[in-house]
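The block underneath contains the structure these notes are about, expressed in structure tokens.
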Amino acid sequence: MAITRNFKQTIQARVLRDPEFRTALLIEGLELLINGDVETGKSVLRDYINATLGFEKLAQMTDKSPKSLMRMFSTKGNPTANNLLAVICTLQQQEGVQLHIESIH
């Protein structure tokens, strides 16, 4: 199912006005990646990036090309661990959060 423009605009508007939602969107994307749902995790992070700093600014911050970053988070993208972790670190800094992994038994 393709995401409609109105849905993307709705997400972006909510992200801009609701810092808790913005942080939750970032966390959700990362949790999905860690739990093995890579496609959905990349999709959520792509929405987060588009709604916040955008790929142009992220490219400047990570010293990567915007097109390379867009490919990384596309449905067929296959980012290296180094590139993905660099982006995650940058997104955490941009959001002002530091995420930790906790074992739950």
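The values are calculated or read from the model by the stated rules, or taken from the named source; none is laboratory data. As the structure is a computational prediction, the values presented were derived from the model and not from experiment. A quick note on method: Cβ atoms are made from the backbone with ideal geometry, for glycine too, and the neighbour counts reach across all protein chains shown.
Okay, here's what the table says:
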{"read-out": "Any hit, the stretch 85-97, residues being on the phi > 0 side of the Ramachandran plot, at pLDDT below 95 and not aromatic (Phe, Trp, Tyr)", "value": "yes"}
{"read-out": "Search result, residues across the stretch 15-30 that are aliphatic (A, V, I, L, M) and more than 16 Å from Leu99 (Cα to Cα)", "value": "Val15, Leu16"}
{"read-out": "Long-range neighbours under 9 Å by Cβ, at least six apart or interchain, first residue modelled with pLDDT under 95 within the stretch 66-77, second of a type in the set (Asp, Glu)", "value": "Thr75/Glu39"}
{"read-out": "Failed item in (1) closer than 19 Å to Lys8 by Cα; (2) touching a Pro at 6+ places or on another chain (Cβ under 9 Å); (3) not aromatic (Phe, Trp, Tyr), with Leu25 passing the rest", "value": "(2)"}
{"read-out": "Subset of the stretch 30-74 that is within 13 Å of the chain's Cα centre (by Cα) and assigned to a loop (DSSP other than H, G, I, E, B) - its residue that is farthest from Cys89 (Cα to Cα)", "value": "Ser74"}
{"read-out": "Subset of the stretch 63-88 (residues that are buried (at least 16 other Cβ atoms within 10 Å of the Cβ) and farther than 22 Å from Ile101 by Cβ)", "value": "Lys64, Leu69, Met70, Gly77"}
{"read-out": "Ile49, sole failed condition from (1) within 23 Å of Pro19 (Cβ to Cβ); (2) of a type outside the set (Gly, Ala, Ser); (3) free of Cβ contacts under 8 Å to residues at least 24 places away in the same chain; (4) surrounded by 15 or more Cβ atoms within 10 Å (Cβ to Cβ)", "value": "(3)"}
